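Below is one structure, written out as structure tokens, with a few remarks after it.
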Amino acid sequence: MSRDIICLLLASSCHLIALTVVSAFAHRQTSADRALIDGHVPAPGLFLADEDIGVGESLSDRRSALRRALGGAASLATASSLPADAVVPTEAYWSLWPALPVAPYGRRRTVMYEVVPGVYNFDQMIGIYYVHVPIRMTVVAVNQERGVAGGGGLLVYAPVAPTEECLALMDRLIERHGPVRDIVLPSVAVEHKVNAGPFARRFPEANFYTVDRQYSFPLDLPDSFLGLPPWTKPLPRSSGRDGGKVWYASEEIEHEVLTVQPGPGSMYQDVALLHKPSGTVLVCDAVFAVTDEPPRVLTDEDEYVRALLFHARDSKDEAVEDSPENRRKGWRRIVLLFNFFFPGSGRGDLGLGPILEALKTPGYKDGWGGWRPFSWGDDEVRDFETFSAGGKPTVLPIIQIILSRDMGELRRWIEIVETWDFSRIVPMHLDAPLAIKPKELRSAFRFLADGESTNSVRFCDEDVEFLRKAEEGPLSFSVYETPLGALRGKPCGLVRPTKS
Ligand SMILES: [Fe+2]
């Protein structure tokens, strides 16, 4: 996220920053935690038998299956409740989590699945206050007609935390497709940048590119202070315009960088990368889509399911049954909070009332004392369905605020991507892959339509009210003017609940 987003959060109520700090304590990420994690689980090699990795199959599946087969594993869930001692296995531990102290801290599971032959997603999770969403790395196989011995290899886009589990999964792909040839950090956003350096250092023989306008906040530190290795190279803005050989398999890859400066001193960059053999475009943050089905990275891991049920509560001490419907209910709320902070069908109370209630139950099983600052009204499902539109691609509201500061650059970027031959886009958050063809890409950018004079979103106006007030009010200093103005949606008549 850009500096502007941080400003938005800070000025709105400081709550996410506070949540970050508080949550670290709420989840008691201590050496005791590490010991708990270390105390379970066999070595990774046990799960790396010579099996093929199939579509939708993951190492996580096999571990879960093995745990069940072994019987008596403490982390098994029952049908109606979560295990109090559910743990994440030791090979998923990520010791550098304090660099960005948000969930899941050190407990960084990786779910890998094959999107189409030669394209693999590695999903991990990121979030605060159980607003947990997927964060993704995509790996594509290149030069496969030559075979591994003849020069095949891998291109890695948007690296995630290189845990032992993640690296073991990478080993499987290397064995099948060849070594890592190129790695690219396609964003200046901290959630992607924080893991890119450590990942690149595990593959020093590979080229490592980053978009060229990296910065840090509040101090603009050099790349070496951001953990990026000395062999880091700036990614040319375009594989076409800049010519030359950027990628190891340059005949199979194209890319185009989107660069927008939304406000004084801040920057947004994204990379559309085309993998020609599979007709797949990778994009980091500029496009996304979501349905009410919780993502697999949240449901595959028993411990992560807690987030869904935590938000499915309708009262602070409600014991929510673990059912598909309750998982979807929690996911809908997570998505609305993730996108809007204060969605139109909910009510937020960051005051003392809910905090004092939480202090009464400091031992609440899922942490936070069961703190429940948000309540939901009768329009919650309608709110989500309008937002989701059945999983149609769109732009994250906060990203639209940024992109609408430079419509010319956004148009230029889209016009180039539209000339590519592809049938799917893989974003690095929420659902993936998305079935989008070139002529359908522009529909995700509603505010870019010809004749459009407002910064319109397809969502309910009540949802973007908070962001609009922040943008027009105390945060107006952080972003440049746009002729489109602040975000506008369609009035849906959403009614907030009267109290928490
Ligand atoms: Fe992101």
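All of the numbers you see were taken from the coordinates with simple rules; none came from a lab. Everything numeric here is computed off the predicted structure, so don't read it as measured data. Ideal geometry is used to build each Cβ from the backbone, glycine not excepted, and the neighbour counts take in all protein chains shown.
For this structure, a couple of remarks:
- Spatial separation of Cα centroids for the stretch 328-345 and the stretch 142-158, in angstrom: 40 Å
- Charge sum, other residues only, whose C-beta stays under 11 Å from residue 291's C-beta, Lys/Arg counted +1 and Asp/Glu -1: -1
- Just so you know, the Cα atoms of the stretch 269-361 work out to an Rg and Dmax of 17.5, 58 Å.
- Radius 12 Å from Cβ of residue 392, net charge of other residues (Lys, Arg +1; Asp, Glu -1): -1
- When only alpha carbons are used to place a centre, the stretch 361-418 and the stretch 429-500 end up 9 Å from one another.
- For residue 233, the lysines whose Cα comes closer than 16 Å to its Cα, not counting residues fewer than 8 places off in the same chain, are 193, 245.
- Partners of residue 469 within straight-line reach, counting lysines whose Cα lies under 23 Å from its Cα and excluding those fewer than 8 residues away in the same chain: 490, 499.
- Under 5 Å between amide hydrogens, built in the peptide plane, is the criterion, and for residue 183 it picks out 156, 207, 208, 209 among residues at least 5 positions away or on other chains.
- Least to most buried among 166, 492 (fewest other Cβ within 10 Å first): 492, 166
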